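Just below is one structure, and these are the notes that go with it.
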2 protein chains.
Amino acid sequence: MSTAEQPRRADAVRNRRLALEAAKTLLVQSGVTITVEAIARQAGLGAATIVRAFGTKDALIDAAVTDLLDPLIQRAHQALTEPDPAAALRRFLLDLIDFQAAHWVMSEQLTHLQIPLTAERRSALHQALLGMIDRAREAGAIRTDIDPAVVTVMLGEVVYAIARSSATPPALAHDFVTVLADGLRPQSSTGPAGR
Amino acid sequence: MSTAEQPRRADAVRNRRLALEAAKTLLVQSGVTITVEAIARQAGLGAATIVRAFGTKDALIDAAVTDLLDPLIQRAHQALTEPDPAAALRRFLLDLIDFQAAHWVMSEQLTHLQIPLTAERRSALHQALLGMIDRAREAGAIRTDIDPAVVTVMLGEVVYAIARSSATPPALAHDFVTVLADGLRPQSSTGPAGR
DNA sequence: CGCTATCTGAAATGAACACTCCAGTTGAGA
DNA sequence: TCTCAACTGGAGTGTTCATTTCAGATAGCG
């Protein structure tokens with residue numbers, strides 16, 4: 001393909017890797033404003049070197065976030081093949097919350113950046129989640145009076161939010177998923193519906 | 001009190017008001033980076049005038065956001081006195097989502113600002129929400145196996161998230177509150193619990 | 001080894017902002 | 001109407017950054 005990797009000097013390759021690791025480290029830390037300067041310091045390199053290795057700061061961040069996101073995507077694909085769809089969904093939601101709890105600071109940093117790779121990964125996650133919900137729905141584990149697309153948006157956004165919450169104790173995540181799961185289960189009693 | 005308003009010239013008062021309105025207008029618009037320059041243009045004033053009227057840009061934004069938040073706080077207090085706690089909570093959640101849907105862009109802008117007044121209002125909202133949940137709980141409308149504080153965090157964050165979702169069709173908000181309400185209701189069947 | 005294309009990073013550049021200065025304007029009391 | 005302190009806003013000032021430049025260092029081939 002067009003991925004024609006022109007040969008690069010060993011030190012350039014090494015420094016590129018260092019820059020990526022440094023960016024990942026900073027992305028996970030809270031409270032830090034991520035500047036090229038800061039990444040350079042963390043990597044023990046000059047700022048110019050870092051920018052040159054990726055073209056722009058945005059491209060560097062994009063690559064770093066993509067890296068961080070990959071394990072999560074793997075888990076998502078895994079969840080899609082597990083036998084019990086409801087359990088898989090539940091487990092994945094908890095994974096998602098864990099991930100966001102560790103990384104929500106990152107999301108804040110990303111707002112004004114041009115990060116196409118990351119956008120792509122996010123969309124992949126969204127697709128996988130949609131798949132999980134479809135499976136759970138077909139298995140009868142999720143009420144059918146709500147559009148699966150709506151459920152997907154709901155869960156995706158909500159997980160982000162819950163992880164974001166200042167405290168984020170594990171108990172919160174667990175309780176939260178419980179409430180969601182109970183609310184999403186087919187409701188036997190349409191209850192005091194009218195209200 | 002110490003609110004000793006030293007007399008100010010009529011034009012100064014008018015311009016202060018203009019600046020506040022301009023800031024509110026921009027805060028609600030999406031995609032706009034809010035600079036003092038932009039607010040000044042919107043208000044038809046010079047940038048210097050605006051900064052001087054409030055001391056700092058942050059103070060201006062703080063005042064504007066506070067203004068925008070006030071009606072919502074009023075609704076919250078209102079909800080606390082309605083006869084049916086469950087219905088009041090539900091209605092307020094929908095209000096909250098509506099508000100956030102209209103204003104979430106704003107929240108993004110606020111991340112790096114010094115906005116004590118706004119922080120205070122937010123905390124007031126949180127308190128009110130906690131109150132509503134307590135009332136609904138006492139009325140037996142909310143399951144008791146989950147800490148009310150957790151429920152509060154849950155709802156507060158979640159509402160923010162759901163409003164944030166790109167689409168935000170009203171249907172989404174409605175369905176979402178339904179799912180939450182069903183999930184938060186006392187669960188008769190501990191169900192096929194183990195799972 | 002020696003040579004040179006590739007790399008490096010300190011310093012320069014330039015853009016975006018919040019905030020300040022000051023010469024000129026204006027509201028409003030006498 | 002006159003006067004002047006309070007106001008205004010265009011033109012700075014100082015910062016914070018991403019990105020570029022370029023003189024010097026170095027990987028790695030012959």
_Per-selection Kirkwood Rh - the range B:1-55 (Cα, Å, 1 d.p.)_ = 11.9 Å
*For peptide B:149-160, compute the average count of partner chain beta-carbon atoms within 10 Å of each residue's beta-carbon.*
6
*Size of charge dipole - the protein assembly as shown - debye, nearest 20, with Cβ of Lys, Arg +1 and Asp, Glu -1, no other charges*: 760 debye
*asked:* Is there a quick way to get the dipole size of the range B:1-129? I mean about its Cα centre, with the Cβ of Lys and Arg at +1 and of Asp and Glu at -1; what is the value in debye to the nearest 20?
replied: 380 debye
*Taking only Cα atoms, what is the 0 to 90° angle, nearest 10, from helix B:170-184's long axis to the longest principal axis of chain B?*
50 degrees
_I need the calculated FRET efficiency for the pair B:HIS103 and B:GLN74, taking r as the beta carbon distance and R₀ as 25 Å, to the nearest 0.05._
0.95
_Tell me the angle of helix B:10-28 to the major Cα principal axis of chain B, expressed in degrees between 0 and 90 and rounded to the nearest ten._
40 degrees
*Please express the shape of the range A:66-124 as an equivalent ellipsoid: the semi-axes are the square roots of 5 times the eigenvalues of the C-alpha gyration tensor, given largest first in whole angstrom.*
24, 13, 8
*Could you bin all the Cα-Cα distances of the range A:1-113 into 10 Å bins starting at 0 and give me the percent of pairs in each, rounded to whole numbers?*
13, 37, 27, 18, 5, 0
*Per-bin percent of Cα-Cα distances, chain A [5 Å]*: 1, 7, 14, 16, 16, 13, 11, 8, 6, 4, 2, 1, 1, 0, 0
*Which residue, chosen from A:LEU93, A:VAL65, B:LEU129, occupies the Cα position most advanced towards the positive end of the dipole of the protein assembly as shown, where the dipole is computed from +1 (Lys, Arg) and -1 (Asp, Glu) charges on Cβ about the Cα centre?*
A:VAL65
*Selection from B:GLY55, B:PRO83, B:VAL159 lying farthest towards where the dipole of chain B points positive, charges on Cβ*: B:GLY55
*Please identify, among A:PRO83, A:PRO71, A:PRO170, the residue showing maximal mean-square fluctuation in a Gaussian network model of chain A using a 10 angstrom Cα cutoff.*
A:PRO83
*Run a plain Debye calculation on the protein assembly as shown (Cα atoms as equal point scatterers, no solvent) and give log10 I(q)/I(0) at q = 0.06, 0.09, 0.10, 0.13 Å⁻¹, rounded to two decimals, same order as the q list.*
-0.30, -0.65, -0.79, -1.16
*asked:* Sort A:52-64, A:34-46 by packing, meaning the average of other beta carbons within 10 Å per residue, with the highest value first.
replied: A:52-64, A:34-46
_7 Å from Cα along Cα→Cβ at both A:HIS112 and A:HIS174: what's the point-to-point distance in nm?_
4.1 nm
_What does the charge count around A:THR66 come to, taking other residues whose C-beta lies under 9 Å from its C-beta (Lys +1, Arg +1, Asp -1, Glu -1)?_
-3
_Isotropic mean projected area of the C-alpha convex hull, the range B:70-172 (nm²)_ = 6.9 nm²
*Grab the other residues whose beta carbon is less than 14 angstrom from that of B:THR118, score K and R as +1, D and E as -1, and report the net.*
-2
_Dipole moment magnitude, nearest 20 debye, the range B:1-76 about Cα centre, only Lys, Arg, Asp, Glu C-beta charged_ = 200 debye
*Work through the residues other than B:ALA79 whose Cβ is under 11 Å from its Cβ and net out their charges, Lys, Arg +1 and Asp, Glu -1.*
+1
*Under the rule of -39500 (n - 2.57) per DSSP H run of 4 or more residues, summed and divided by the residues of chain A, what mean residue ellipticity at 222 nm is obtained, to the nearest 500 deg cm²/dmol?*
-24000 deg cm²/dmol
*chain A: most fluctuating residue of A:ASP67, A:ASP182, A:ASP145 per GNM, C-alpha cutoff 10 Å*: A:ASP145
*Could you work out the mean projected area of the convex hull around the alpha carbons of the range B:24-81, in square nanometres to one decimal?*
4.6 nm²
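Read-outs throughout are calculated quantities, based only on the coordinates presented, and are distinct from any laboratory measurement. Everything numeric here is computed off the predicted structure, so don't read it as measured data. Cβ sites come from the backbone with ideal geometry, for glycine too, and all protein chains shown count toward neighbours.
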